[in-house]
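Below is one structure, written out as structure tokens; comments come after it.
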Amino acid sequence: MSWVENKTLRLIGRTLSQILYLARLGITVEGIGSNLFRFLEVTGGGMVLLIQTLWLVPRPPYRLREILRQALTVGWQSLPLIVVVLGFLGMITVLELNFQLSRVIHNLEYVPGVAGILMFREFGPTVVAAMLAAKVGAGFTAEISSMKNTEQIDALEMLSVNPVHYLVVPRFIATLAMQVALSVIGVAVAFVTGFLISQPRFNFQSYLTTMGHFVGVEDFLNLIAKALLLGAVVPIAACYYGFRAGAGAKGVGEATTRGVVTSILVIILLDFTINVVADKILEVVIQ
Amino acid sequence: MIELRDIGVRFHQAAVLRGADLSVAEGEAVALIGPSGSGKTTVLKTAVGLIRPQAGEVVLAGTNLTRASPASLARVRRQVGMLFQGNALFDSMTVLENIGFVLREVQRLAPAEIQSRVRQFLDRLHLGEIGGLYPRELSGGMKKRVGLARAMIGEPRVLFCDDPTAGLDPITSDAIADLILDFRRQFKVTLLLVSNSLLVVKKIADRVLLLHQGRLLDLGAPESLQDSERPEVRQFLQPEFTS
Amino acid sequence: MTVLTRQVQRIRGPIEIGVMAFLREIGAMAMFLAATVRHIFKAPFEVQEMILQMYQVGVRSVPIVLISGFFVGGVVVIQFNYALSLFGAEVYLGGITTSGLLREVGPVLVAIMIVGRVGAYITAELATMKVTEQVDAIRCLGVNPVQFLVVPRFLAVSAMIFMLTILGLLVALLGGALVGNLILDINLSFYFANIRKLTAAWALFTGMLKSILFGILLATIACYQGMKTEGGAEAVGQAVNRCLVHCSIAVFLADYIIASLAALTYGLAEEIIF
Ligand SMILES: Nc1ncnc2c1ncn2[C@@H]1O[C@H](COP(=O)(O)OP(=O)(O)OP(=O)(O)O)[C@@H](O)[C@H]1O
Ligand SMILES: [Mg+2]
């Protein structure tokens, strides 16, 4: 018996010491320094790519067919994911609000309205953008990084075609357009599932009218504006990581994850900034 | 036509080129030999401006690439064709689209004209019926020919070939060498060729350079290679003699 | 009418195939999970490997969880403030924000942030080992690949998501309070006062339960997708892509199921009490 305990204790001790060691490795001064440096490098590089892309968007040649092809691929690939995820999200929002509002205003009549506000202003655009990062962004990164690894990007340059113009611009425009379309579709799906889950309490007419009381044109414009701003994040981050991927399958895999994680992080930061700015503007307008 | 002066290139502290000099006259064909990993591809990519050297100057077709703006770089590159070591064919495009890429995206020709010019080219390369295939459906020799066709269809004045016969059997290698020679005669291109196949080098090149410890050594005409007394050349060629 | 029936007939086939494939996938994943769990209790236990994975997936995700948690807390407080202001019920802001973050937003956020990392460090790695025949090599050496590769990763991911969720919740609550105070000018003592009134220990329990479930789901999906990869380099990319998509869906599906279970119990309680 004591033998078992000794062995177990030793195992636990070793595990703990190793965890502590690794945790320390993660937060050494050097670690923080190199992380910060990489953060600055990535932010700078991403901004440069964004500016390059915006600069090249209005410049000929316009590859309309390529844009259309990308838009169809993006939309078609991610539609099922968006429908399923936003469908669940619509129901979750209603359930959660049932719980929360019943305790605060002791009245479930307004749940559709608040759910609508949250969907339009917040969860619709952000969740759609995050899902696009996972589905579409990962694809972009993998495609471009494998093109880079097989010298196809170099070949483009040698044929005097600007890789950013040829690869990034169509993907940028297509993703932006699809982000708006998918946000609208996603919010519509969430509306339907939210209605279904609050079934016995509301009929369609009353659900719609309650929502109409709360959700106005400005919320819809908010949805579109956020979709446009957040939609720019995914293609830029994904292509950026594709262009700077390392060699081999490992390089491609790492670039893909970095692209996805960075996209979602930037989406959150940008969304926060938009909210703060909007809040301040609202304050000024009211005064 | 191609001038590299005192080029230094390093990747993460490891110096690959250290004071490499190279000068290729108009119409000349120069071969670059050297062991794997010595930096032959790096020399080629530096010469066309894909790699920016940390030191030295590159002059290609009269333009100094180290100081060139993106626009003038693009202008120079229209006179330059490059066959990459791994072919770098666009794998989302068919053979026809790959070869016609420059005509479509840069010269902006009408589809019918692109079609006829690409077909003409394919016939020359004895590639007849593969226009609709994708790169992954081709054999190594076919890919090389398609890569060569894509480099040559814009009728460049300078052609860079990175190991055009790597991994090919002797007969196919010879056919590719003939093709390059053919292009050289017809279009009067200046040629910078990387190859470690002495057969190909002897067939195509007027002059041979050896890349040794980050520098380029001029070895003169390919016929004189065997008689060279320089130790690094003998060391490099030794296995061929013994086998 | 006949046209309509024919149309229905035409789409019924693919849908049936899709549903069957879906069920088969779920079944295979459940079997995989069962095999993994069975192997957890067999010696030898790969401590080193597990700690390495905990580092890769967990410790290295700490910065992104801290940053995203803080700012999502801020976003939630701003949005709830707006929603509550429509009813003039801003006094409840602290309670509602805390409860919402603990029960709902926090666990989902952390899970989604970790999905990307899991995709690279678990699925891509296992898939690469699979397609380069390293898994076969391990088997030939008489070692069980599930025990050697899957168990440590599975435990590492499950445990780290749980711990990261605790961390993420803490910063999210902090972010909510600070943003509420700095941006929305809400009195902090006011904010904290009604947290106690509106946030029960149950909220924390729901959140923790979710994070454990998400951890198990993500770990299972990631390892499963990695281990079932066949083919070449593209297959690895496809496996990562599938892992990301399936994990995202699984998180929201599981969240929905728990939310509706919670609503059910809450509804029952309501009936009993009122
Ligand atoms: N992008 C890069 N990043 C880092 N190192 C590089 C890069 N490109 C080349 N190198 C390194 O530079 C050296 C020379 O590479 P290069 O490809 O020029 O060799 P090579 O002579 O063409 O070899 P081979 O005959 O095998 O093609 C190698 O050691 C290689 O690892
Ligand atoms: Mg090379």
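Measuring only protein heavy atoms, the 1.4 Å probe finds C:Arg117 accessible over about 40 Å². Calculated [222 nm] ellipticity per residue, helices only, for chain C: -27000 deg cm²/dmol; basis is -39500 (n - 2.57) per DSSP H run with n ≥ 4, divided by all residues, nearest 500.
Taking 4 °C and 1.567 mPa s as conditions, the stretch C:1-118 diffuses translationally at an estimated 67 µm²/s according to Stokes-Einstein applied to its Kirkwood radius (Cα pairs).
In the neighborhood of B:Leu22, defined by Cβ-to-Cβ distances under 12 Å, what is the net charge if each Lys or Arg adds +1 and each Asp or Glu adds -1? Don't skip to the end; give the middle numbers.
Numbers: positive: B:Arg5, B:Lys40, B:Arg207, B:Arg215; negative: B:Glu3, B:Asp6, B:Asp21, B:Glu28, B:Glu57, B:Asp218.
Every neighbour counted, the sum reads -2.
How large a share of the accessible area of chain A, in percent, is made up of carbon and sulfur atoms when the probe is 1.4 Å and the other protein chains stay in place? About 72 percent, which is the carbon plus sulfur part of the accessible surface. The convex hull of the Cα atoms of chain B, projected and averaged over all directions, covers 13.6 nm². Per residue, the Cα convex hull of chain C amounts to 201 Å³. Projecting the Cα positions of A:Leu156, A:Ala142, A:Leu68 onto the charge dipole of the stretch A:66-286 (unit charges on Cβ atoms of Lys, Arg, Asp and Glu, taken about the Cα centre) puts A:Ala142 furthest along the positive direction. Counting Cβ atoms of other protein chains within 10 Å of each residue's Cβ and taking the mean over peptide C:86-96 gives 3. When the Cα atoms of the stretch B:43-161 are aligned to their principal axes, the ranges along those axes come out at 46, 30, 24 Å in descending order.
Accessible area buried by the pairing of A and C, both sides summed with a 1.4 Å probe, works out to roughly 5200 Å².
Kindly state, to the nearest 0.05, the FRET efficiency for A:Glu41 paired with B:Thr66, given R0 = 30 Å and r defined as their beta-carbon distance.
Numbers: r = 24 Å, r/R0 = 0.80.
Here the calculated transfer efficiency is 0.80.
Across all C-alpha atoms in the stretch A:90-245, the radius of gyration and Dmax reach 20.5, 68 Å.
With all protein chains in place and a 1.4 Å probe, the accessible surface of the stretch B:115-243 carries 50 percent carbon and sulfur. Normalised by residue count, the protein assembly as shown yields a Cα convex hull volume of 231 Å³ per residue. Farthest toward the dipole's positive end in the protein assembly as shown, which of A:Gly216, B:Val76, C:Val118, given Cβ charges of +1 (Lys, Arg) and -1 (Asp, Glu) about the Cα centre? After comparing all options, I get C:Val118.
Here the spin labels are modelled as points 7 Å beyond Cα on the Cα-Cβ line, and at C:Glu25 and A:Lys250 they lie 3.0 nm apart.
Taken over the stretch B:108-180, the ratio of Cα radius of gyration to 2.2 N^0.38 Å equals 1.14.
Size descriptor for the stretch C:70-177, Kirkwood hydrodynamic radius: 16.4 Å (Cα pairs only, one decimal). Sorting C:His39, B:His126, C:His246, B:His12 by accessible area puts them as B:His12, B:His126, C:His246, C:His39; the probe is 1.4 Å, largest comes first, and only protein heavy atoms count.
Got a number for carbon plus sulfur as a percent of the stretch C:1-124's accessible area, 1.4 Å probe? List each step's numbers first, then the result.
Values: 4020 of 5660 Å².
Ligands and nucleic acids excluded, carbon and sulfur give 71 percent.
What whole-number value in Å² describes the accessible area per residue of the protein assembly as shown for a 1.4 Å probe?
Values: 36980 Å² over 804 residues.
Per residue, the protein assembly as shown has an accessible area of 46 Å².
Charge tally around C:Ile186: other residues with Cβ under 13 Å, Lys/Arg +1 each, Asp/Glu -1 each, net -3.
Please list the equivalent ellipsoid semi-axes of the stretch A:174-287, computed as the square roots of five times the alpha-carbon gyration tensor eigenvalues, in descending order and whole angstrom. Before the final figure, lay out each step's value.
On the way: eigenvalues 250, 85, 25 Å².
Here the semi-axes work out to 35, 21, 11 Å.
Counts of other chain beta carbons within 10 angstrom of each beta carbon in peptide C:122-130 average 2.
Using helices alone, I'd like the mean residue ellipticity at 222 nm for chain B: each DSSP H run of four-plus residues gives -39500 (n - 2.57), total over residue count, nearest 500. Intermediate results must be reported in sequence, preceding the final value.
On the way: 9 runs with 90 residues, N = 243.
-11000 deg cm²/dmol, from helical runs alone.
For the peptides A:49-61, C:211-223, the ranking by mean Cβ contacts within 10 Å, running from highest to lowest, is C:211-223, A:49-61.
If you average 1/r over every pair of different alpha-carbon atoms in chain A and take one over that average, what Kirkwood value in Å do you get?
Details: mean 1/r = 0.0460 Å⁻¹.
With all distinct Cα pairs of chain A included, I get 21.8 Å.
The mean number of Cβ atoms from other chains found within 10 Å of a Cβ in peptide A:251-257 is 6, as a whole number. Placing a label point 7 Å from the Cα of A:Leu208 along the Cα-to-Cβ direction, the residues of the stretch A:80-124 whose backbone N falls under 19 Å from that point are A:110-117, A:120. Rounded to the nearest 500, the helix-only mean residue ellipticity at 222 nm of chain A stands at -28000 deg cm²/dmol, with each DSSP H run of n ≥ 4 adding -39,500 (n - 2.57).
Here r is the Cβ-Cβ distance between B:Ser36 and C:Ser260 and R0 is 56 Å; the resulting FRET efficiency, rounded to 0.05, is 0.35. Of the residues making up the stretch B:15-64, those losing 50 Å² or more of accessible area when the isolated chain is joined by the remaining protein chains, with a 1.4 Å probe, are B:Leu50. On association of chains B and A, roughly 1600 Å² of accessible area becomes buried (total for both chains; probe 1.4 Å).
The values are calculated or read from the model by the stated rules, or taken from the named source; none is laboratory data. This one's a predicted model, so the numbers in the text were calculated from it and none came from an experiment. Every residue, glycine among them, receives a Cβ derived from its backbone with ideal geometry; neighbour counts consider all protein chains shown. In case anyone asks, the SASA skips ligands and DNA or RNA and just uses the protein heavy atoms, side chains included. Shrake-Rupley method; radii C 1.70, N 1.55, O 1.52, S 1.80 Å.
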